[in-house]
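Below is one structure, written out as structure tokens; comments come after it.
The values are calculated or read from the model by the stated rules, or taken from the named source; none is laboratory data. For clarity, every value in this text was computed on a predicted model and none was experimentally measured. No Cβ is skipped: glycine too gets one built from the backbone with ideal geometry, and neighbour counts run over all protein chains shown.
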Ligand code: PMP
């Protein structure tokens, strides 16, 4: 199957794990492979309300059986969904443009930022990924690629609360250093004549390894960018839709109000839909100068899927569940980290948390090899999870949102078994 994949889809086409998994079915937090083996899904945020949730499946098939067409016809479904989605944001963020992916959403957000400011400069962190279009890929520092950075892009250090620089005592020092780099990036863009169109960041710095952030840090970033005349784009592809527990959006969780918000992955529970939420001023500035349409973005079936996801989040109390079960599971992991010398910092929020693998006896030295062995052993033992962070030594635990306490107990048992074998 791997050979066929390479022949048909090309080389260097990533799969998870040394021994890739071949899933044929999903249900709730469970995945089943071609041999009928069951795996606990502690990783996937796309099936946000659970694999094949019956309410989402029913909404998709009902709408697909009635009408699915181009987004340039009138349809109530898109307006009802837009209204419902916008109801979860601050009242100033009252308009939305739909796309099919997170990449497209970030691509449009960059165009909006440039449209409203008349500037070109964009700031991102130095360890990130925001998607795969040409403009967005230019910002990615996380994946290897053949083209370099354009002259209008500046990076600031990704916050890392665990691996501090010499002389730093805690995350407040780390935050001050990142803010100083931000000032320098702004000055450099102005000196080069690009000016500052905006910053594009994930509010919880998920791909960067979801560091602990001092209160008000992200808001200070936003204020500095606005002082320079730029706008703040929050990439909510990972923290959005209640992932951090309690708050619906990552920017609400960290206490910052963005100008533009982009979203994707969990939005349609696997059905491809993304979006860009912004203010009336920004949407008007963009749409008055550009005729933007997206054939598939906001088609009736996508909107039915998106609406069903919002219904399930509400009806099943999934924000509260993420907060409760997340805290419970993270505490269990904290207990494990005290038992095993190769486990370092445990951090994260809601159902998005993890632990650093470190070389025993050494101060916080990342151990990527051990982390990789651990994640492969977890897969062998029937639990799906991933690695993340600038040193790729951090367990990334980010299950579908209906993850229960008994799922957390199962996860804990398998981790205990795997850690004792390492
Ligand atoms: N932004 C972030 C933070 C992401 O992690 C990703 C995908 N991993 C994207 C954007 C791109 O989304 P998509 O793959 O739907 O284009």
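Some points to look at:
- Residue list for region 272-284, filter: away from the ligand (no atom under 12 Å from the Cβ) and surrounded by fewer than 23 Cβ atoms within 10 Å (Cβ to Cβ): 279, 280, 281, 282, 283, 284
- Condition check for residue 265: touching a residue at least 60 places away in the same chain (Cβ under 8 Å) and surrounded by fewer than 24 Cβ atoms within 10 Å (Cβ to Cβ): yes
- When restricted to residues that are without any contact (Cβ under 8 Å) to a residue 60 or more places away in the chain and over 18 Å from residue 33 (Cα atoms), region 373-394 contains 5.
- Qualifying residue in region 187-195 (condition: within 16 Å of the ligand (Cβ to nearest atom) and more than 24 Å from residue 392 (Cα to Cα)): no
- Residue 294 being touching a strand residue (DSSP E or B) at 6+ places or on another chain (Cβ under 7 Å) and surrounded by fewer than 20 Cβ atoms within 10 Å (Cβ to Cβ): yes
- Scanning region 392-422 for residues that are under 16 Å from residue 206 (Cβ atoms) and not in a loop (DSSP other than H, G, I, E, B) returns 394, 395, 396, 397.
- Set 178, 237, 218: member being surrounded by fewer than 24 Cβ atoms within 10 Å (Cβ to Cβ), under 23 Å from the mean Cα position of the chain (by Cα), within 24 Å of residue 388 (Cβ to Cβ) and modelled with pLDDT of 95 or more: 178
- Of all residues in region 233-252, exactly one satisfies the criterion of being away from the ligand (no atom under 15 Å from the Cβ) and more than 14 Å from residue 401 (Cβ to Cβ), namely 252.
- Exactly one residue out of 204, 156, 221 is in contact (Cβ under 8 Å) with a residue 40 or more places away in the chain, away from the ligand (no atom under 15 Å from the Cβ) and closer than 21 Å to residue 251 by Cβ: that is 221.
- When the helices (runs of 4 or more DSSP H) confined to region 76-145 are screened for residues that are away from the ligand (no atom under 16 Å from the Cβ) and out of contact with any strand residue (DSSP E or B) (no Cβ under 8 Å at 6 or more places or on another chain), those reaching at least 1 such residues are found at 76-86, 102-117.
- Answer from 64, 42 - the residue that is modelled with pLDDT of 95 or more and buried (at least 20 other Cβ atoms within 10 Å of the Cβ): 42
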